[in-house]
Amino acid sequence: MLILGLNMFHADASAALVQDGEVVFAIAEERLNRIKHYAGFPSLAIKACLDFAGLEITDIDHVTIGQDSDANLTKKVRYALANPTKILNLIRLRQRKQPMRDARSLLAKALDVDPKTLRFEEHHLEHHIAHIASAYYCSPWEKAAGFSYDGSGDFVSTMMARCEGNQIEVLDRVFLPDSLGSFYTMICEFIGYQQYGDEGKVMGLAPYGKDTLCEQLAEVIGLRNGGFNLDRSFFKPLGSNQGMQLLPDGTVRLARHFSDQMVKAFGEPRQPHAEITQREMDLAYAMQRRFEDVFFHLLNQLHQRVSCGNLAMAGGCALNSVANGKLFTRTPFRQTWIQPAAGDEGLAVGAALHTYHAVLNQPRRFVMKNSYLGPEFSGGRIESALKQARLPYRKLEREPLLDSVAQKIAAGNVVGWFQGRMEWGPRALGNRSILAHPGLPGMKDALNARIKQRESFRPFAPSILEERQCEYFEHDHPSPFMLHVYKIRPEKRTQLSAVNHVDDTGRLQSVSREENPLYYELICAFERKTGVPALLNTSFNENEPIVCQPEEAIDCFKRTRMDVLAIGPYLSLKTEN
């Protein structure tokens, strides 16, 4: 049974291949066409899925798209009728999404085949059900509470569900224009971060703020029994693009979210690249705190309806790792399983698994134990790329490679680490990573100056051996996909000074031998040299999508001030170049 899951004509377009209920390959289109958050048709991702498994599109039994323009149609019509000026917007939105109703024609054109040869059955799944499916069906549980939240999808911003066996029972939806994701995005825009995906940056700014605007900002979004509502006077009216515009080249542009009421209440918005003042820091602080208040309110309501300690969660807002790290103390949930591709690229996996389990009623046996679902490259391909780039290199066996790289990191060098299959999701988790010493006080600034070119307030993440997590962090719940922020223990903050944020926290990746043996053994080798069972880990890129192919890693290494490149079994040193 072969199922192709798709997220298309939506930010973070992607494709995933499910074979007999197991996710065997998944990739976002941006990793292949190098356009960040690409929102067109994922033709390259589809081809990559098929090539990985040695298949043709004619072999596929089912194709499922993680969007359904007919979902919640009554709510859309009621909103339009209550706001007559928006009727034209609704019509335009449906017209723009009409091509998605015919995946057969789209696939035939992209892959240059006769549509008549395609035998698959086509399915469309509501956006947030696909999100919840992407988490629940990848989890080890037979029962869980399901939760999804983001800016919007199929006219819904939040969904709560009961997940049991093969079924996902929707308990509640929060409809537009009320949206916790839109609230966060609006404040980020007001602070001066206007690009799609900038919300994670502002999350890092929040701890620098003070509690001066919390009460005032609480007026923007209020709690109500079982949900929340936005004060719409602070927001621009909902338009035909539901907050963002997909441009012809596949890039995403955010529409302005905030109204003049925000200017009256908080002053003029900060312009991008202008100086960040205490006001911006305080707004970020208040935004994160109010976001958490609403989030925990929703989770507590959900727990009352689904008496279960397991929480399966996805949606773009599920990438808020600060809130994720606090939910164990603010809600009754005891375990979380958060999709590593929690954003919209994860819809491809959720849509495909939902078809397999909920539509075809096939038994569950797959658990996503790691995120390494992308392509990998042979030693021959890597060596050819090194020769083409005229880089000097040495080929090493496994143990000498680990020892040499650990020694370089211990000495303060910055290492590009390119190994195995690429990660699924926005986080580099030890296969497409830039690695450095987590305990050198100047390392954060050095990385920003030499490679990443990021704002100084944004923290870097630690990868730590799973069994040593409790020694260094004040929580033992594992975080294999770097989606939880925990306090670092006071006595360990010096050892982790380069990854210790201003509020003494770290967004950790807990690394087990089972999930990634090579990366685990590298951290062990580093610990033998330094006594620290952790590495500073950031994504292998420079203001671009994370590198996918060897040539991209080599190019990034050459144009930045990285010291060492460990790519497959090959080691290249900048000093020898």
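Test of understanding: among Phe266, Phe296, Phe258, which residue is closer than 28 Å to Ile35 by Cα and either touching a residue at least 24 places away in the same chain (Cβ under 8 Å) or in contact with a Pro (Cβ under 9 Å, 6 or more places away or on another chain) (or both)? Don't jump to the end; show me each part of the working.
Values: Phe266 fails: closer than 28 Å to Ile35 by Cα; Phe296 fails: closer than 28 Å to Ile35 by Cα.
Sole residue among the options that is closer than 28 Å to Ile35 by Cα and either touching a residue at least 24 places away in the same chain (Cβ under 8 Å) or in contact with a Pro (Cβ under 9 Å, 6 or more places away or on another chain) (or both): Phe258.
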Next item on the list: Sort out which residues of the range 1-36 are buried (at least 23 other Cβ atoms within 10 Å of the Cβ), closer than 26 Å to Phe155 by Cα and not hydrophobic (A, V, I, L, M, F, W, C), and write them in order of number.
Entry: Gly5, Asn7, His10, Asp12, Ser14, Glu29, Glu30
Next item on the list: Would you tally the residues in the range 515-524 being surrounded by fewer than 20 Cβ atoms within 10 Å (Cβ to Cβ) and of a type in the set (A, V, I, L, M, F, W, C)?
Entry: 2
Next item on the list: Examine the range 297-316 for a residue that is open to solvent by less than 60 Å² (accessible area, probe 1.4 Å) and among the hydroxyl-bearing types (Ser, Thr, Tyr), and state whether such a residue exists.
Entry: no
Next item on the list: Could you grab me the full set of residues in the range 265-291 that are assigned to a helix (DSSP H, G or I), within 17 Å of Glu455 (Cα to Cα) and of a type in the set (S, T, N, Q)?
Entry: Gln278
Notebook entry, point to check: For the range 37-51, how many residues are open to solvent by 40 Å² or more (accessible area, probe 1.4 Å) and in contact with a Leu (Cβ under 8 Å, 6 or more places away or on another chain)?
Noted result: 2
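Hey, among Thr575, Thr494, which residue is part of a helix (DSSP H, G or I) and surrounded by fewer than 23 Cβ atoms within 10 Å (Cβ to Cβ)?
The unique qualifying residue is Thr575.
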Item checked: Residues of the range 546-572 satisfying the condition of being in a helix (DSSP H, G or I) and open to solvent by 10 Å² or more (accessible area, probe 1.4 Å) -> Glu551, Glu552, Asp555, Lys558, Arg559
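Which count do you get for residues in the range 368-402 that are within 30 Å of Ala342 (Cβ to Cβ) and charged (D, E, K, R)? Spell out how you get there, then give the answer.
So in the range 368-402, the residues within 30 Å of Ala342 (Cβ to Cβ) come out as 368-377.
Narrowing further to those that are charged (D, E, K, R): 369, 376.
Residues that pass the stated criteria total 2.
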Margin query: Would you confirm, using the coordinates I've provided, whether Gly250 is closer than 22 Å to Ala82 by Cβ and either in a loop (DSSP other than H, G, I, E, B) or open to solvent by less than 30 Å² (accessible area, probe 1.4 Å) (or both)?
Written below: no
Next item on the list: Filter the range 151-163 down to residues that are in contact with a Cys (Cβ under 9 Å, 6 or more places away or on another chain) and open to solvent by 10 Å² or more (accessible area, probe 1.4 Å) and give me whichever is nearest to Ala39 (Cα to Cα).
Entry: Gly151
Next item on the list: Count, please, the residues in the range 533-545 that happen to be assigned to a loop (DSSP other than H, G, I, E, B) and open to solvent by 10 Å² or more (accessible area, probe 1.4 Å).
Entry: 4
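Go through the range 348-362 and count every residue that is under 13 Å from Met1 (Cβ atoms) and surrounded by fewer than 24 Cβ atoms within 10 Å (Cβ to Cβ). Step through it out loud before you land on a result.
Initial filter on the range 348-362 (under 13 Å from Met1 (Cβ atoms)): 352-353, 355-357, 359-362.
Subsequent filtering for residues that are surrounded by fewer than 24 Cβ atoms within 10 Å (Cβ to Cβ) retains 357, 359-362.
Selection size over the range 348-362: 5.
Only residues that are at pLDDT 95 or above and either within 13 Å of the chain's Cα centre (by Cα) or part of a loop (DSSP other than H, G, I, E, B) (or both): list them for the range 302-326, please. Outline the logic, then answer.
So the first thing to find is which residues in the range 302-326 are at pLDDT 95 or above, and the list is 302-306, 308-326.
Selection gives Val306, Cys308, Gly309, Met313, Ala314, Gly315, Gly316, Cys317, Ala318, Leu319, Asn320, Ser321.
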Note to self: Which numbered condition in (1) under 20 Å from the mean Cα position of the chain (by Cα); (2) open to solvent by 20 Å² or more (accessible area, probe 1.4 Å); (3) under 30 Å from Ala312 (Cα atoms) is the only one that Asp503 fails?
What the structure shows: (1)
Check: Filter the range 327-370 for residues that are without any contact (Cβ under 8 Å) to a residue 60 or more places away in the chain and assigned to a helix (DSSP H, G or I); which is farthest from Glu514 (Cα to Cα)?
Finding: Arg330
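Scanning the range 62-81 for residues that are within 28 Å of Gly21 (Cα to Cα) and more than 24 Å from the chain's Cα centre (by Cα), which turns out most open to solvent (accessible area, probe 1.4 Å)?
Step one: of the range 62-81, the residues within 28 Å of Gly21 (Cα to Cα) are 62-71.
With more than 24 Å from the chain's Cα centre (by Cα) added as a condition, the list becomes 62, 70-71.
Values: His62: 16, Asp70: 73, Ala71: 12 Å².
Among those that are within 28 Å of Gly21 (Cα to Cα) and more than 24 Å from the chain's Cα centre (by Cα), it is Asp70.
Taking the options Arg289, Arg365, name whichever one is open to solvent by 40 Å² or more (accessible area, probe 1.4 Å), at pLDDT below 95 and not hydrophobic (A, V, I, L, M, F, W, C). Working first, answer last.
Numbers: Arg289 fails: at pLDDT below 95.
Going through Arg289, Arg365 in turn, the sole match is Arg365.
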Margin query: Can you list residue pairs whose Cβ atoms sit under 7 Å apart, with the first residue in the range 480-500 being without any contact (Cβ under 8 Å) to a residue 40 or more places away in the chain and the second being crowded, with 20+ Cβ neighbours inside 10 Å and in a loop (DSSP other than H, G, I, E, B)? Count only pairs 6 or more apart in sequence or on different chains.
Written below: Ile488/Leu496; Ile488/Asn500; Arg493/Asn500
Checklist line | helices (runs of 4 or more DSSP H) wholly inside the range 176-218 containing at least 3 residues that are open to solvent by less than 20 Å² (accessible area, probe 1.4 Å) and modelled with pLDDT of 95 or more | finding: 180-191, 199-205
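The values are calculated or read from the model by the stated rules, or taken from the named source; none is laboratory data. Keep in mind it's a predicted model, so treat the numbers as computed, not measured. Glycine gets a Cβ as well: all are built from the backbone with ideal geometry, and neighbour counts include every protein chain shown. Accessible surface is based on the protein model in full, side chains and every heavy atom, while ligands, DNA and RNA are left aside. Shrake-Rupley method; radii C 1.70, N 1.55, O 1.52, S 1.80 Å.
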